[in-house]
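One structure is given below, encoded as structure tokens.
The values are calculated or read from the model by the stated rules, or taken from the named source; none is laboratory data. Bear in mind the structure is a predicted one, so any value in this text is a computation, not a measurement. Here the Cβ is made from the backbone with ideal geometry for all residues, glycine too, and neighbour counts use every protein chain on show.
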Amino acid sequence: MDLVIDGQHPLDKCSKVGSTPVLHVARSAVLIIFIVIAAALGIGYYIFFNPHEPISKPLSADIQPAIIRIVEGASNENNPEYMVPQVATVVIGVNNTVRWINEDYVPHTIASDSSYRDPVSGAFDSRGRPSEEGGAFIMPGMTYEFTFTQPGRIDYHHEPHPWVQGTIIALDTS
Ligand SMILES: [Cu+2]
């Protein structure tokens, strides 16, 4: 018995019945809804579990950074002052994120005298900062932040301006 009708196999006809324009629209709508839901889930994940969040974040949202100003003229060895304050005391859990603000007109770096590494924040050295977070140099008007999570005294300097020296004294909360 010959199953070919009008030169087509009957199963081909059946599949054509299932491909009406209405079903095409319905399939496209399902696909679009699926894409929208997937995008929403992706954006939600990015917002709530931001995988790019820097590791040197404050321990609490309430923490205000300690500010150290790299003053104008700090790159000049004859300047009366370089960083204000030169010795900064911070309390872990209170203000242990330090923010250096470059008020000078040339780039500066911050480098530990003894290659200090914080157990959470890593190497205390702006020269290791990724370019997407600002890069090695603290450009004029820009900042560098580092969070100290263990008590201690950390001496540091500017790599291109070794006369610019500072000290962080990190104290335990108790
Ligand atoms: Cu400097």
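Residues in region 114-128 that are of a type outside the set (Gly, Ala, Ser) and more than 14 Å from the ligand (Cβ to nearest atom): Tyr116, Arg117, Asp118, Pro119, Val120, Phe124.
Against the list (1) assigned to a strand (DSSP E or B); (2) within 15 Å of the ligand (Cβ to nearest atom); (3) in contact with an Asp or Glu (Cβ under 9 Å, 6 or more places away or on another chain), the condition Ile101 fails is (3). So, of the residues in region 161-174 that are within 12 Å of the ligand (Cβ to nearest atom) and not in a strand (DSSP E or B), which turns out to be surrounded by the most Cβ atoms within 10 Å (Cβ to Cβ)? Result: Val164. Of note, Ile67 satisfies the criterion of being loosely packed, with under 15 Cβ neighbours inside 10 Å, away from the ligand (no atom under 16 Å from the Cβ), without any contact (Cβ under 8 Å) to a residue 60 or more places away in the chain and aliphatic (A, V, I, L, M). Taking the options Gly73, Gly122, Gly93, name whichever one is over 20 Å from His161 (Cα atoms), modelled with pLDDT of 95 or more and surrounded by fewer than 17 Cβ atoms within 10 Å (Cβ to Cβ). One residue alone meets the criteria, Gly122. Give the residues of region 129-160 that are within 16 Å of the ligand (Cβ to nearest atom) and either crowded, with 20+ Cβ neighbours inside 10 Å or within 20 Å of Asn96 (Cα to Cα) (or both), sorted by residue number. Within region 129-160, Arg129, Ile138, Met142, Thr143, Tyr144, Phe146, Asp155, Tyr156, His157, His158 qualify.
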